[in-house]
Structures are given as C-alpha cells and as structure tokens.
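The values are calculated or read from the model by the stated rules, or taken from the named source; none is laboratory data. Nothing here was measured: the structure is a model prediction, and the numbers come from that model. Every residue, glycine as well, gets a Cβ built from its backbone with ideal geometry; the counts of neighbours run over all protein chains shown. In case anyone asks, the SASA skips ligands and DNA or RNA and just uses the protein heavy atoms, side chains included. Shrake-Rupley method; radii C 1.70, N 1.55, O 1.52, S 1.80 Å.
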Amino acid sequence: MRHLMNPLDFTPEELDRLFDLANDIEHTPSKYAHACDGKILATCFYEPSTRTRLSFESAMTRLGGRVIGFSDAASSSASKGESVSDTIRVISCYADICAMRHPKEGAPMVASEHSGIPVINAGDGGHQHPTQTLTDLLTIRSLKGRLSDFTIGLCGDLKFGRTVHSLIDALIRYDNIRFIFISPEELRVPDYITDMLKEKNIPYEEVIRLENVMPDLDMLYMTRVQKERFFNEEDYVRLKDFYILDTEKMQLARNDMLVLHPLPRVNEISVEVDNDPRAAYFRQAQYGVYVRMALILTLLELA
C-alpha cells in the first residue's frame, strides 16, 4: 500500500508514467469511465476548500466510483476531540482511499501511519500540497512539452504558500531550471529553500518588482496573499494587493509565456488577463482533475 504525502514520493520516472496516464485520460475519458466501479473515496477536509475537494470528487465520480466525507472540521468528530489517527482508522473501514486536508502540518502523515487504505495529502498547513504540485507539473509538461530548460517566476506569498514550496521541491529534480522569486520582504521564500538551492548550485534571484523580470520568464506562477496564514489583520491589508498582474504588465512578457495560479484568485490577477492566450490557470484547474484521476488509479493499483 502506498500513500502520497510529498511530491518527492514519486520518482521523475514514476511521474512521467503518471502524467502519461493523465494525458491518456484527457484524450480518451470513456476508457476509464468504470475503472473505479465499486470503489469509495473519502474526502476528509478539516479546513475549507473548493477546487481541491471538488476536483477529487469529480475525479472519483468520472472514474465510476463514489465519494463520502466531510468539508470542514466542525462537521466531523474532530469537533468532539477525536484524533486524526482514530478518524482514519474508522474511515479505513468505510472507504478504499482517502484525501485529507488539514491545517496542521504533518497531520496527513500521522493519518497514513495508522491507515488501512492509501492516504493522499490534500494540503497540510503551510507545508505541502502535493496534488497541486502534480497539477502544476502536468500543466507545464502538457503546454510546454517539457519539465526542463526554463525560467519560472514565483510571485506573491512565497513565505506561507505551500503550493510554491512544493513546486520548488519538485522542479529542482529537472535540468536547467532557474527560479526568480518575486515578493515583498515580509513574504520572502524561507531561508531553508534558498539554502537548499545554493547547496545544489541551482540559480535563483530574489526581486521585489514584478515588472523588472517579466521579459525573462518562460512561466509566471502567481499566488494570492493568504489571509488565513496571517496573525495580524493590518499586515494582511497592507500586503494583499502588493502585486496585481494586468494587461500592461503582460505586454512586457514573452509571447509564449504561461501564467499559472493555483487558485482561488482574489485581486492578484486582473480579470482582463483571462482572455490572454497565455493565461493558463483555468486549464490548470482542468488538468487537476486528470492528474487526480491518474493518482487514484495508481494508488489503488488499477492502472
């Protein structure tokens, strides 16, 4: 039995097979319409989510399976004090696979250690968000045709953004990747990440102004400033609109640059950018369904 806690749980070769499967699902969905007949996915979400939870539910439904679960901690026995380890033991009696989101870092890992079924980390605090990373990688590979030889700018909340941390961890395994970190001083990427990049001799640059680096980017990964990660409302208000990608800034970019965003969007990408062919974030959301379908099949050993 296998779990997914971290994007690095799969080797690059295993990821290639997973992405090949996801692309096959994209182009021949009818082939997989009954692959999970009789199987049940439990979605255990201890904090709010729209895209991730519904993406998992859509993925399992498209595979012919069923879904049970809860969408916030208040509607689960966690509100009565039940531990994650006890919850997953019970869930293992009801379902064949579980997707868990939790505000505490490491909670899905604890669950996996007590589970009788595969557990997928659907986001734990500011730590990891591996299925979003798989979505990001599949989007890049599908639209760019490669996972190497490019410069990616990561913009916004690089301190608390788990999607950013997971994506960096995943991309460093590919050749000739250059990172440009774009953030205010208060939301800079953590030192452990830059220390790791230095140790591995992976080129990176830290800047504050997005406009200065737009012409250099093959990809721009925008993130929102996350209100739920702030202890101080005043700091959030001051930083939430620090970056806004608009058509004026897009004019500085290459014709083939991709704009990615894990969503939800607040103000950081103007709606006027949505019609730009380089805006890939809604296609990215669609790829999230395909990659989660492929992941469910892989962990259930059905593909």
>> Anything in the range 247-267 that is modelled with pLDDT of 95 or more and farther than 16 Å from T139 by Cβ? List them, or say none.
In response: T247, E248, K249, M250, Q251, L252, A253, R254, N255
> Does the range 12-24 hold any residues that are open to solvent by less than 60 Å² (accessible area, probe 1.4 Å) and more than 19 Å from H165 (Cβ to Cβ), and which are they?
Replying inline: E14, L18, F19, L21, A22, N23, D24
> Quick check, is L143 aliphatic (A, V, I, L, M), crowded, with 24+ Cβ neighbours inside 10 Å and modelled with pLDDT of 95 or more?
Replying inline: no
>> Considering only residues that are under 16 Å from P215 (Cα atoms), in contact with a strand residue (DSSP E or B) (Cβ under 6 Å, 6 or more places away or on another chain) and either open to solvent by less than 10 Å² (accessible area, probe 1.4 Å) or at pLDDT below 95 (or both), which ones fall in the range 147-163?
In response: I152, G153, L154, C155
>> I'd like to verify a number: residues in the range 86-123 that are in contact with a Lys or Arg (Cβ under 7 Å, 6 or more places away or on another chain) and either of a type in the set (G, A, S) or without any contact (Cβ under 8 Å) to a residue 60 or more places away in the chain (or both), how many?
In response: 3
> Quick one: which of R101, R66 is charged (D, E, K, R) and within 20 Å of the chain's Cα centre (by Cα)?
Replying inline: R101
>> I'm trying to understand the selection: among the residues of the range 189-210, which are under 23 Å from the mean Cα position of the chain (by Cα), over 18 Å from R173 (Cα atoms) and open to solvent by 80 Å² or more (accessible area, probe 1.4 Å)?
In response: D191
> Mind checking which residues of the range 42-59 are of a type in the set (S, T, N, Q) and in contact with a strand residue (DSSP E or B) (Cβ under 8 Å, 6 or more places away or on another chain)?
Replying inline: T43, S49, T52
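Could you pull out every one of the helices (runs of 4 or more DSSP H) wholly within the range 82-145 that has 2 or more residues that are under 19 Å from T298 (Cα atoms) and touching a Leu at 6+ places or on another chain (Cβ under 8 Å)?
By residue number, 130-144.
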> Which of the residues belonging to the range 247-298 are part of a helix (DSSP H, G or I), among the aliphatic types (A, V, I, L, M) and open to solvent by less than 10 Å² (accessible area, probe 1.4 Å)?
Replying inline: M250, V273, V291, M293, A294, L295, I296, L297
> Between a first residue in the range 1-25 that is in a loop (DSSP other than H, G, I, E, B) and a second residue that is crowded, with 19+ Cβ neighbours inside 10 Å and among the polar types (S, T, N, Q), which pairs have beta carbons less than 6 Å apart while being 6 or more apart in sequence or on different chains?
Replying inline: H3/S112; M5/N121; N6/Q128
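Give me the residue from the range 36-66 that is of a type in the set (G, A, S) and open to solvent by less than 40 Å² (accessible area, probe 1.4 Å) and, out of that set, modelled with the lowest pLDDT.
Once the filter is applied, the top-ranked residue is S49.
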> If you take the residues in the range 164-188 that are at pLDDT 95 or above and assigned to a loop (DSSP other than H, G, I, E, B), which one is surrounded by the most Cβ atoms within 10 Å (Cβ to Cβ)?
Replying inline: Y174
> Looking at (1) surrounded by 17 or more Cβ atoms within 10 Å (Cβ to Cβ); (2) more than 17 Å from M100 (Cβ to Cβ); (3) among the β-branched types (V, I, T), which is the only condition T28 fails?
Replying inline: (1)
